[in-house]
Amino acid sequence: MSRVRADEEEYWHSSKFRAFTFDDEDDELSQLKESKRAVNSLRDIVDDDDDDLERVSWSGEPVGSISWSIKETASGSTSSLDGRDSSLQKGSSSYAALPKQASSYSLSSLFKGRNKLSSFQSLSDALTDTGVKNCAPELRRPKAEYKDYSSDWSPKDTVRRMQRGKVCSLERFRSLQDKLVLLDEAVAGHDGNVITAVLIFLKRTLRREILFRELEVRQVALCHLIHFLRETGEQKFLLDLLRFLDRTEEVALSQYREHLNIQDVEKRREFLKGCIGLPFSAEDTSHIQDHYTLLERQIIIEANDRHLEMAGQSELFRKYPRKASILNMPLVTTLFYSCFYHYTEAEGMFSSPTNLKKTFKIPDKQYVLTALAARAKLRAWGDVDALLTTKNWLGYTKKKAPIGFHRVVEILQRNNAPVQVLQEYVRLVEDVETRLNLATKYKCHDVVIETYRDLKDRVQLTAYKCKVERCSAEEEKIQSILSN
C-alpha cells in the first residue's frame with residue numbers, strides 16, 4: 001500500500017507541461033521527447049492493471065525466470081510446428097486458439113520503462129536497455145550493395161567494374177566465346193592491370209594450344225602475357241609460347257637468361273658453352289661466344305692471382321690487395337684489372353691487357369681510356385707517357401690520344417698527378433680556349449703565359465701577372481716577355 005501511495009503522490013505532484021522556450025526544437029533530446037509523448041498517448045490502449053501483476057505461464061512459473069527460459073527454448077520449435085499443423089486441420093477459426101508466444105517484456109512495461117519487479121525507469125534508460133535493443137528489427141542493406149555480388153554482369157560491365165577496383169568473379173564466363181569477348185573488352189579499356197587479370201584467368205582455365213592460338217591474333221594481349229611471364233619467371237610457359245609463335249631468337253635469348261640464376265662458376269661456364277649452338281642471330285652468336293671465352297679467362301686469372309696473393313709472392317698484391325673477385329665481371333672491368341695487376345705481362349699470357357684487347361677486339365679509344373685510368377691510379381707516369389707515345393713509319397715519335405688530351409688531363413688530375421705532368425699534356429690540347437681554361441683551372445702558369453705570348457695579348461698577360469706570386473719565376477717570366 002505504501003508503494004502505491006508513493007506512486008500516486010508522485011503522479012499528483014508531477015506535471016506534463018513546462019514553460020515554453022525557444023531552445024525546445026534545438027534540444028538534443030527533442031526526438032526522445034516526441035517519442036515519450038507518443039508513448040503516453042498509448043496508455044489508453046494498454047491495460048495498466050496487468051503491468052502491476054506478476055505474469056505466470058501455464059506451468060506455474062514466473063515468465064522470464066531461468067527455468068522458464070530453458071523450457072521455452074526447448075519447446076519453441078516443436079510448439080510452432082504443432083500449432084501450424086493444428087491450424088491446417090481446424091481451418092481459419094483455429095487461429096484464435098493458437099497460444100501466444102510469451103515474452104519477458106509486456107507492452108506496457110516496454111513503453112513505460114518498468115521491469116518485472118515494477119521498479120520505475122526513465123524512458124531513456126528503457127530505450128538503452130540491452131534487451132530492448134535486441135528486440136529492434138535489423139535494417140536491410142540497400143539493394144545497390146547486393147549488386148556487387150551479382151553474377152549477371154556482361155563482359156563490358158565486368159571490365160568497367162574491374163577498372164573501378166570492384167571485386168568481380170570471372171568464373172561465370174565459362175564458354176570460350178565469353179572469355180574471348182571479355183579479353184577483347186579488357187584490351188579495349190586500355191587498362192594494363194585489367195588485361196593482366198583477364199589473361200591470368202584465361203591462362204588458368206584454357207588449354208595452352210587454344211590460348212596461344214587466340215593470342216596470336218591479339219598482339220596487345222600477347223605482349224602483356226609475355227611481359228607478365230618474364231616478370232614472374234615462368235620460364236617453361238614462356239618458352240612454350242615463343243616456340244608456338246616460331247620466335248626462335250627470343251626462345252634462345254630466354255634460355256640464355258637462365259645463366260643469371262646459376263651461381264656456381266663451372267656450371268655457368270658449361271651452360272654458356274651449350275648456349276653457343278642456340279639459334280641466335282649472327283651478332284648475338286658472337287656475343288655469346290665472347291661471354292663464354294671471357295668467363296673461361298676469368299676462371300684462369302682468378303685461380304692464379306688467388307694463389308699469388310695467398311703466397312705473398314707479388315709485391316703489387318701486398319701493396320694493393322684485391323677488393324673483390326674478378327669472376328663474372330664485365331669485359332671493361334676485366335681489362336682494368338689486367339692493366340692494374342698484369343700490365344707488363346707478355347701478349348701470350350691470358351691475363352695480359354694486350355691479349356684481352358686482341359682476343360675481344362677492344363677499340364683503341366676504350367683500351368687507352370681504361371689503361372690510362374689504371375696506370376694513373378698507380379701513379380705510373382712513365383707507363384702513361386709510353387701509352388700515349390706513338391711512332392710513325394719514319395721512326396719519329398709523337399704524342400697521340402684517341403680520347404683527346406683534354407680528357408687525359410682530367411684523368412691525370414683526378415689521380416693527383418703533379419703539375420709538371422699536367423702541363424706536358426695541357427700544352428697538347430689543340431683548342432686555345434680549352435687549353436687556357438684547363439691551364440687556369442689546374443694552375444699550370446707556364447702554359448697560360450706561353451699561350452698569351454703566342455697570342456701577343458699584352459692586356460691579358462698583364463692581368464695574369466697579378467694572379468701569380470710576387471718574386472716568383474712566373475712573374476719574372478711575364479716581366480721578361482712584356483719588356484721584350
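Structural remarks
- Annotation: Q219 fulfils all but one of (1) over 24 Å from Y292 (Cα atoms); (2) of a type outside the set (V, I, T); (3) surrounded by 12 or more Cβ atoms within 10 Å (Cβ to Cβ); the unmet one is (3).
Every residue, every condition in (1) open to solvent by 40 Å² or more (accessible area, probe 1.4 Å); (2) under 38 Å from the mean Cα position of the chain (by Cα), yes or no:
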{"residue": "P330", "(1), (2)": "yes, yes"}
{"residue": "Y343", "(1), (2)": "yes, no"}
{"residue": "G348", "(1), (2)": "yes, no"}
{"residue": "S352", "(1), (2)": "no, no"}
{"residue": "N355", "(1), (2)": "no, no"}
{"residue": "T359", "(1), (2)": "yes, no"}
{"residue": "P363", "(1), (2)": "yes, no"}
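- Any chance Q420 is in contact with a Phe, Trp or Tyr (Cβ under 8 Å, 6 or more places away or on another chain), open to solvent by 70 Å² or more (accessible area, probe 1.4 Å) and outside the structural domain of R453 (by the TED database): no
- Candidates L412, L461, L438 - the one that is open to solvent by less than 50 Å² (accessible area, probe 1.4 Å), part of a helix (DSSP H, G or I) and closer than 17 Å to L372 by Cα: L412
- Helices (runs of 4 or more DSSP H) wholly inside the range 234-280 containing at least 3 residues that are modelled with pLDDT of 90 or more, out of contact with any Lys or Arg (no Cβ under 7 Å at 6 or more places or on another chain) and of a type in the set (A, V, I, L, M, F, W, C): 235-244, 265-275
- Among all residues of the range 390-402, there is none that is surrounded by fewer than 17 Cβ atoms within 10 Å (Cβ to Cβ), within 22 Å of K467 (Cα to Cα) and of a type outside the set (V, I, T).
The values are calculated or read from the model by the stated rules, or taken from the named source; none is laboratory data. Because the structure is a prediction, the values reported are computed rather than measured. Backbone-built Cβ (ideal geometry, glycine too); neighbour counts: all protein chains shown. Heavy atoms of the whole protein, side chains included, go into the accessibility calculation; ligands, DNA and RNA do not. Shrake-Rupley method; radii C 1.70, N 1.55, O 1.52, S 1.80 Å.
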